[in-house]
Amino acid sequence: MKLQQLRYIWEVAHHDLNVSATAQSLYTSQPGISKQIRLLEDELGIEIFARSGKHLTRITPAGQEVIDLAGQILRTVENIKQVAQEFSDDRIGSLTLATTHTQARYALPGVIKDFISKYPDVSLHVKQGTPMQISEMVSEGAADFAIATEAMELFSDLIMLPCYRWNRCVLVPKDHPLTKVRAPLTLEHVAEHPIVTYVFGFTGRSKLDEAFSEKGLKPKVVFTAADSDVIKTYVRMGMGVGIVARMAYDEEVDKDMVALDASHLFQSSTTKIGIRRGTFMRGYMYEFVTRFAPHLDRDLIDEALASGSKTDLDALFAHIELPVY
């Protein structure tokens with residue numbers, strides 16, 4: 001059994017069983033991958049992939065067990081490389097963040113700029129996706145950190161570190177009727193108008209739905225998007241009032257709109273960093289987390305990564321007052 005064979009079956013499984021696409025991503029030949037997979041199956045005495053002619057059709061039950069173990073081995077090998085590199089030069093390496101558009105566009109730029117300035121030899125990559133997708137990226141080792149508000153709790157192998165709380169605002173054009181409401185804005189006021197907001201599962205959307213439901217209101221959501229800037233575009237078109245993260249409103253860029261405070265209408269949401277259990281944290285990785293969330297010092301991060309359960313993790317952060325944006 002060779003490490004190369006384990007990498008091949010792992011990559012094939014994560015390229016929708018497309019050996020040709022796997023070969024391209026690994027800069028090798030399709031026949032070479034197929035041969036090595038066959039050799040591994042012969043050695044193990046099982047089929048990892050079921051076949052129809054020359055095409056792989058599905059992963060067998062036994063194959064899934066082998067692939068899961070292969071993933072663990074490959075991640076351990078990566079940790080070994082990280083340990084060696086940390087002791088040879090702790091300022092060279094790579095860091096991959098998986099996050100949503102709102103975090104990448106509004107929360108991360110300043111942090112990334114300062115980080116790159118201090119660590120110019122660390123190659124930093126940002127991958128965007130849904131909360132579910134970015135959580136999977138970290139769980140499977142395709143990214144180091146997931147930064148999101150929802151979905152990460154569905155992955156038991158991720159340790160979630162709370163970073164900050166944030167509120168929402170209601171975005172409307174300057175001449176919109178809601179700008180003339182004298183009393184504090186209510187959900188009833190908002191529900192009278194078509195709504196443009198995030199797709200479900202994105203950026204704390206569940207808090208919005210819960211708030212309307214508790215009031216017995218059924219808002220007319222006419223358009224949803226994963227991108228705050230797209231939502232603002234449709235608000236400008238007059239399609240409805242926008243409900244977005246307060247951080248997504250820029251007073252200079254969005255001066256043609258009014259942001260109405262909605263912190264009293266919806267519960268605040270918490271953005272977290274998800275880190276896979278067993279990850280070897282290099283010095284610059286601690287530095288990035290601390291820059292993004294200053295209350296997360298190295299000792300606290302280590303204690304969180306060593307925690308045995310969600311209850312232990314909750315107790316660890318119970319006394320910390322998170323910043324609110």
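Per the Debye formula on identical point scatterers at the alpha carbon atoms of segment 105-210, with no solvent, log10 I(q)/I(0) at q = 0.23 Å⁻¹ is -1.33.
Among L124, L40, L296, which one shows the biggest mean-square fluctuation in a GNM of the chain, springs joining Cα atoms closer than 10 Å? Comparing L124, L40, L296 in a Gaussian network model of the chain, the most mobile one is L40.
Most simply put, segment 117-276 has about 75% antiparallel DSSP beta bridges, counting only bridges with both residues inside it.
I'd like the accessible area for Y119, computed on protein heavy atoms only with a 1.4 Å probe and all protein chains in place. Round to 10 Å², please. Y119 exposes around 20 Å² with every protein chain in place.
Net charge near E188: determine it from the other residues with C-beta under 13 Å of the C-beta of E188, scoring Lys and Arg +1 and Asp and Glu -1.
My count for the surroundings of E188 gives 0.
Over the Cα atoms of segment 70-121, what is the Rg over Rh ratio if Rh follows Kirkwood? Don't skip to the answer; put the middle values down first.
On the way: Rg = 14.3 Å, Rh = 13.2 Å.
Rg divided by Rh gives 1.09.
Each label point was placed 7 Å from the Cα along the Cα-to-Cβ direction; for S25 and E303 their separation is 3.9 nm. When Y249, Y27 are compared by accessible area of protein heavy atoms, the largest-first order is Y27, Y249, using a 1.4 Å probe. The stretch between E251 and E153 holds 31.9 nm of extra length on full extension. This uses 0.36 nm per residue minus the Cα-Cα distance. Each of S25, S307, S52, S156 has its accessible area taken with a 1.4 Å probe; listed largest first, they run S156, S52, S25, S307. Neighbours of S139, meaning other residues whose beta-carbon lies under 13 angstrom from its beta-carbon, give a summed charge of -3 when Lys and Arg score +1 and Asp and Glu score -1. Each distinct pair of alpha carbons in segment 32-83 adds a 1/r term; the inverse of their mean, the Kirkwood radius, is 12.2 Å. Among the protein heavy atoms of segment 141-229, carbon and sulfur supply 52% of the accessible surface, probe 1.4 Å, non-protein parts ignored. D227 contributes about 40 Å² of solvent-accessible surface, heavy atoms of the protein only, 1.4 Å probe. Shown here for segment 145-252: GluC sites (Glu not before Pro) in loop regions (DSSP other than H, G, I, E, B) with at most 12 other Cβ atoms within 10 Å, namely E251, E252. In this calculation the C-beta distance from D68 to D175 is compared with R0 = 41 Å, giving a FRET efficiency of 0.10. Couplings 3J(HN,Hα) of segment 127-144, computed from phi: 10, 10, x, 6, x, 5, 5, 6, 5, 5, 4, 6, 4, 9, x, 7, 8, 8 Hz, in residue order, whole Hz [Karplus 6.51 cos²θ - 1.76 cosθ + 1.60, θ = phi - 60°; x for Gly and Pro].
Between the amide H of F223 and those of I195, T197, distances stay under 5 Å, these residues lying 5 or more places away or on another chain, with hydrogens modeled in the peptide plane.
Counting only protein heavy atoms and a 1.4 Å probe, segment 233-325 has 49 square angstrom of accessible area per residue.
Taking T149, T179, T279 in turn, the Gaussian network model of the chain (Cα-Cα springs below 10 Å) assigns the largest fluctuation to T179.
Surface listing: R236, R291 arranged by accessible area from highest to lowest gives R236, R291, probe 1.4 Å. Taking the three principal axes of the alpha carbon atoms in segment 251-325, the coordinate ranges are 48, 28, 19 Å, sorted in descending order. Of the solvent-accessible surface of segment 5-81, computed with a 1.4 Å probe over protein heavy atoms with every protein chain present, carbon and sulfur atoms account for 51 percent.
If the elastic network links every pair of Cα atoms under 10 Å, which of K113, K255, K35 fluctuates the most in the Gaussian network model of the chain? Highest fluctuation among the options: K35. The GluC sites (Glu not before Pro) of segment 269-321 that DSSP puts in a loop, and whose beta carbon has at most 14 other beta carbons within 10 Å, are E321. Remark on C163: its backbone amide H falls under 5 Å from those of T271, K272, I273, a criterion applied only to residues 5 or more positions apart or on other chains, H modelled at 1.01 Å from N. With the simple spin-label model, which puts each label point 7 Å out from Cα in the Cβ direction, the L3 to H295 separation comes to 4.1 nm.
Using 1/(1 + (r/R0)^6) with R0 = 25 angstrom and r between the beta carbons of V199 and K220, what's the FRET efficiency to the nearest 0.05? Step by step, r from the Cβ atoms, then E = 0.95.
Extension gain for N18-S268 works out to 85.7 nm (0.36 nm per residue, less the C-alpha to C-alpha distance). Rounded to whole Å, give me the distance from the Cα center of segment 7-42 to that of segment 220-281. The distance from the Cα centre of segment 7-42 to that of segment 220-281 comes to 41 Å. Against the longest principal axis of the chain, how steep is helix 109-118, in degrees 0 to 90 to the nearest 10, with axes from Cα atoms? That helix lies at roughly 50 degrees to the long axis. Model label sites at D42 and L316, defined 7 Å from Cα along the beta-carbon direction, differ in position by 4.7 nm.
Excluding ligands, DNA and RNA, the accessible surface per residue across segment 108-149 is 45 Å² with a 1.4 Å probe.
The values are calculated or read from the model by the stated rules, or taken from the named source; none is laboratory data. The structure displayed is predicted, hence computed values, not measured ones. Because the Cβ atoms are built from the backbone with ideal geometry, glycine has one as well, and the counts that use them run over all protein chains shown. All accessible areas refer to the heavy atoms of the entire protein, side chains included, with ligands and DNA or RNA removed. Shrake-Rupley method; radii C 1.70, N 1.55, O 1.52, S 1.80 Å.
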